[in-house]
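In what follows, a structure is listed as structure tokens, so that the remarks can point back to it.
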Amino acid sequence: MSASLKGKSVIVTGGSKGIGKGIAKVFAGHGAKVMIVARNLKDAEAAAQALGKEGATVSAFAGDITKLSDMEAMAKTAAERHGGLDVLCANAGIFPQAKIEEMSPETWDEVVNTNLKGTFLSIKACVPYLKKSGQGRIVITSSITGPITGYPGWTHYGATKAGQLGFMRTACIELAKYGITVNAVMPGNIMTEGLQGLGEEYLKTMAASIPLKRLGAVEDIGNAAAFFASKEAAYVTGQTIIVDGGQILPESLEALASA
Ligand code: NAP
């Protein structure tokens with residue numbers, strides 16, 4: 001991987017847990033200066049402390065991606081701490097399950113406000129600083145759920161994850177004149193703290209449906225995000241990469257079993 005991330009100023013929303021923590025770990029490992037953002041400051045500080053152990057520059061910031069004022073304070077703080085801002089990983093998201101017949105309009109709004117509007121607000125707040133970088137990078141965490149696949153209970157979630165890609169395809173055109181690229185990682189099933197609680201049997205069944213026979217690691221997503229943020233990806237914008245161990249490919253259970 002490129003040495004081009006060394007010293008870069010990076011924000012990771014939702015960096016206190018799961019995939020965001022994996023993204024923060026990979027960028028810190030490349031020598032970037034990383035600011036982790038989450039609503040719960042204690043969790044963000046704990047993650048920053050754990051990742052900063054090996055001499056990496058990782059700090060925490062409490063912010064809610066659904067609030068523009070929080071996002072503006074986030075961008076300003078990162079620029080002050082790191083002497084500018086080069087990369088925004090717009091990763092924070094929620095996925096409460098509710099089927100259409102039981103879903104309240106409030107639940108729909110909460111998911112859309114967080115995943116879709118929160119992506120817009122975090123990007124809007126960072127653009128003034130990314131412009132100054134001259135080679136700003138925005139990496140969105142979307143999903144296979146919505147753009148490619150479906151899962152009962154996730155109509156709202158899938159709509160937001162597909163919506164992020166629609167947003168990206170115009171955002172990348174608008175921001176290209178500033179040298180800012182906008183790309184998205186589409187994870188499959190990734191092993192996070194949240195999933196670990198579902199039990200060994202459940203995880204085994206999930207892994208069995210994936211051609212590479214394992215759930216993804218959070219670092220698998222971090223590595224894809226780091227590619228989009230690297231110098232080598234300077235001419236890549238408005239694109240997606242699916243990181244799912246081949247999960248979306250088998251056209252039937254038989255296709256998997258006969259391999
Ligand atoms: P997670 O483990 O539940 O972590 C979510 C992170 O987002 C936490 O740091 C949380 O911290 C933060 N967050 C949530 N709402 C926020 C808000 N309003 N403002 C600021 N921070 C907020 O989730 P994850 O599984 O890593 O998922 C991260 C992203 O990956 C999401 O966009 C999700 O859609 C996507 N994804 C996940 C998977 C998977 O298998 N896990 C697959 C495909 C896509 P606080 O609660 O303290 O705010």
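The values are calculated or read from the model by the stated rules, or taken from the named source; none is laboratory data. This structure is a prediction, so every number in the text was calculated from the model and none was measured. Virtual Cβ from ideal backbone geometry, glycine too; neighbours counted across all protein chains shown. The protein model used for the area step is the full one, side chains on, heavy atoms only, and it has no ligands, DNA or RNA in it. Shrake-Rupley method; radii C 1.70, N 1.55, O 1.52, S 1.80 Å.
Roughly how many Å² is the accessible area per residue of the chain, as a whole number, for a 1.4 Å probe?
So the chain comes to 48 Å² accessible per residue, rounded to a whole number.
Given a cut-off of under 8 Å on Cα pairs at least six residues apart, what relative contact order in percent is computed for the chain?
Here the relative contact order equals 20 percent.
Where in the chain are the DSSP H helices whose C-alpha atoms run 30 Å or more along the long axis and whose mean Kyte hydropathy is at least 0.5?
Length and hydropathy pass: none found.
Counting other Cβ atoms within 10 Å, keep those with at most 14, restrict to DSSP loop, and tell me which GluC sites (Glu not before Pro) in region 91-133 are left.
Answer in residue order: Glu101, Glu102.
For region 2-257, give the percent of accessible area contributed by carbon and sulfur heavy atoms, probe 1.4 Å, rounded to a whole number. Please report the intermediate quantities before stating the final value.
Details: 6690 of 12210 Å².
Within region 2-257, the accessible surface is 55 percent carbon and sulfur.
State which entries of Lys8/Lys204; Lys67/Lys132; Lys161/Lys231; Lys177/Lys213; Lys117/Lys204; Lys53/Lys204 exceed 31 angstrom in Cα-Cα distance in the structure shown.
Beyond 31 Å: Lys8/Lys204; Lys177/Lys213; Lys117/Lys204; Lys53/Lys204.
Let me know the longest stretch in the chain that avoids all trypsin sites (Lys or Arg not before Pro) found in a DSSP loop with at most 16 other C-beta atoms within 10 Å. Could the numbers behind the result be given before it?
Values: sites that count: Lys6, Arg39, Lys53, Lys67, Lys99, Lys213, Arg214.
The answer is 100-212.
Amide H of Ile190: which non-local residues (sequence gap of 5 or more, or other chain) have their own amide H closer than 5 Å, using H built in the peptide plane?
Placed amide hydrogens put Gly216 under 5 Å from Ile190.
Looking at the chain from every direction and averaging, what is the projected area of its Cα convex hull in nm²?
Quarter of the Cα hull surface area: 14.1 nm².
Sequence-distant or interchain residues sharing an amide H contact under 5 Å with Ala60, placed H: which?
Close amide H contacts, sequence-distant or interchain: Ile36.
Restricting to Cα pairs below 8 Å that are 6+ residues apart, what does the relative contact order work out to for region 1-150? Please round to a whole percent.
24 percent
If you place +1 on the Cβ of every Lys and Arg, -1 on the Cβ of every Asp and Glu, and leave all else neutral, what size is the dipole of the chain about its Cα centre, to the nearest 20 Debye? The partial results should precede the final answer.
Values: 25 positive and 23 negative charges, 215 e Å.
That gives the chain a dipole magnitude of about 1040 debye.
Using only helices, what value at 222 nm comes out for the chain when you add -39,500 (n - 2.57) per DSSP H run of length 4 or more and divide by the total residues, to the nearest 500 deg cm²/dmol? Before the final figure, lay out each step's value.
Working: 10 runs with 113 residues, N = 259.
So the calculated ellipticity at 222 nm is -13500 deg cm²/dmol.
What residues have an amide H closer than 5 Å to that of Gly7, excluding those fewer than 5 places away on the same chain, when H is modeled at 1.01 Å from N in the peptide plane?
Residues meeting the criterion, in which the H sits 1.01 Å from N, are Ala32, Lys33.
Springs between alpha-carbon atoms under 10 Å, Gaussian network over the chain: tell me which of Glu200, Glu232, Glu45 tops the mean-square fluctuations.
Checking each option, the largest mean-square fluctuation is seen for Glu200.
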